[in-house]
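Novice: For reference, the structure I am asking about is given below.
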Amino acid sequence: MLPVSIRQSIEAYIGQSIQQMRSVSGGSINQAFQLSTPQKDYFLKWNRNPLPGMFPAEEKGLSILHQHA
């Protein structure tokens, strides 16, 4: 489950209260959650001990895929 401190940091960053948090499947390395607020839903991918550069590398790969979709 997501630590309370991470949830609080996300709420402060987005300026909204998370009303519901649901674990979603699909990955084997990270935890994934659907976060619901009154205005919007968010997808959160989280890892307690990420490898250095893991998330920036994934962001770059997703950007490349998006450009060629």
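The values are calculated or read from the model by the stated rules, or taken from the named source; none is laboratory data. Bear in mind the structure is a predicted one, so any value in this text is a computation, not a measurement. Cβ atoms come from the backbone with ideal geometry, glycine included; neighbour counts cover every protein chain shown. The area values use the complete protein model at the heavy-atom level, side chains included, leaving out ligands, DNA and RNA. Shrake-Rupley method; radii C 1.70, N 1.55, O 1.52, S 1.80 Å.
Novice: Hey, can you tell me all the residues within segment 35-56 that are under 8 Å from the mean Cα position of the chain (by Cα) and open to solvent by 90 Å² or more (accessible area, probe 1.4 Å)?
Specialist: Start the filter on segment 35-56 by keeping residues that are under 8 Å from the mean Cα position of the chain (by Cα), which leaves 42-46.
Of everything in segment 35-56, just one residue is under 8 Å from the mean Cα position of the chain (by Cα) and open to solvent by 90 Å² or more (accessible area, probe 1.4 Å), namely PHE43.
Novice: Specify the residue that is farthest from LYS45 (Cα to Cα); the eligible residues are those in segment 13-27 that are open to solvent by 80 Å² or more (accessible area, probe 1.4 Å) and not polar (S, T, N, Q).
Specialist: Ranking the candidates gives TYR13 first.
Novice: From (1) closer than 19 Å to ARG7 by Cα; (2) surrounded by fewer than 10 Cβ atoms within 10 Å (Cβ to Cβ); (3) hydrophobic (A, V, I, L, M, F, W, C), pick out the condition that doesn't hold for ALA32.
Specialist: All conditions pass for ALA32, except number (2).
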